[in-house]
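Chemist: Below you'll find the structure I mean.
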Amino acid sequence: MSSPTADVSVRIAWADDAPAIAALQLRTWPETYGAALPADAFPSGPEAHEQAAAAWHASLSRPGDARHRALVALEHNRVVGFTMVGPSADPDCDPVVDAELAELTVDPAERGKGHGSRLLQAAVDTMRADRFTRAVLWAAVGDDALRRFLTEAGWAPDGAHRELDLDGEGTTTLKQVRLHTSLQEPG
């Protein structure tokens, strides 16, 4: 007799996942960026959720490039995490060979259960399938948990830094550091 296994998986996100992804994103942003941004910088409420869900639905329904994909981590068909992959748009990157892991988010209540590792591995597999040879990710300078998770998985800072002007006036900014990893198979 076999023992029961957890019902967990990662798959390409569907347009129907948009409300769940939007809710997770809006719920986790204050925790992820709260040390760097003021509380009023985060959208909230039903209208913000509807706008975010609509944006996700449009993005998932009609991606601008076939290599732009969102992946979701599921537990019993419930979205508990997501990530986005695609060609890097950084001016010092080559979008033919350099991919970007645009976000890696796991519900705080679901962390420590392997969802982040499964998402990261699925993202790497997806980027390799698209023949990218290197991946980059921009992390908030203060997001030590994400940086630790990625460095333990073989990612490292590549020396690039940037400061995002989130309000267009220079009063709400986010400092980021870029991490990278090789996607080439060893050997």
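The values are calculated or read from the model by the stated rules, or taken from the named source; none is laboratory data. Just so we're clear, the structure is a prediction, and the values are computed from it rather than from any experiment. Methodologically, a virtual Cβ is constructed for each residue, glycine included, from the backbone with ideal geometry; neighbour enumeration extends over all protein chains shown.
Chemist: Taking the condition outside any helix (DSSP H, G or I) and modelled with pLDDT under 95, does ALA52 pass?
Modeler: Values: outside any helix (DSSP H, G or I): no; modelled with pLDDT under 95: yes.
When the stated conditions are applied, ALA52 does not pass them.
Chemist: Next question. Look at ALA36 and say whether it is surrounded by 13 or more Cβ atoms within 10 Å (Cβ to Cβ), in contact with a Phe, Trp or Tyr (Cβ under 7 Å, 6 or more places away or on another chain) and either of a type outside the set (Val, Ile, Thr) or not in a helix (DSSP H, G or I) (or both).
Modeler: Details: surrounded by 13 or more Cβ atoms within 10 Å (Cβ to Cβ): yes; in contact with a Phe, Trp or Tyr (Cβ under 7 Å, 6 or more places away or on another chain): no; either of a type outside the set (Val, Ile, Thr) or not in a helix (DSSP H, G or I) (or both): yes.
No.
Chemist: Given the condition within 16 Å of ILE21 (Cβ to Cβ) and surrounded by 15 or more Cβ atoms within 10 Å (Cβ to Cβ), answer yes or no: does some residue in the stretch 124-145 qualify?
Modeler: No; the residues of the stretch 124-145 include none that is within 16 Å of ILE21 (Cβ to Cβ) and surrounded by 15 or more Cβ atoms within 10 Å (Cβ to Cβ).
Chemist: Where residues in the stretch 89-113 are within 19 Å of ALA70 (Cα to Cα) and small (Gly, Ala, Ser), which of them is surrounded by the most Cβ atoms within 10 Å (Cβ to Cβ)?
Modeler: Out of the qualifying residues, it is ALA99.
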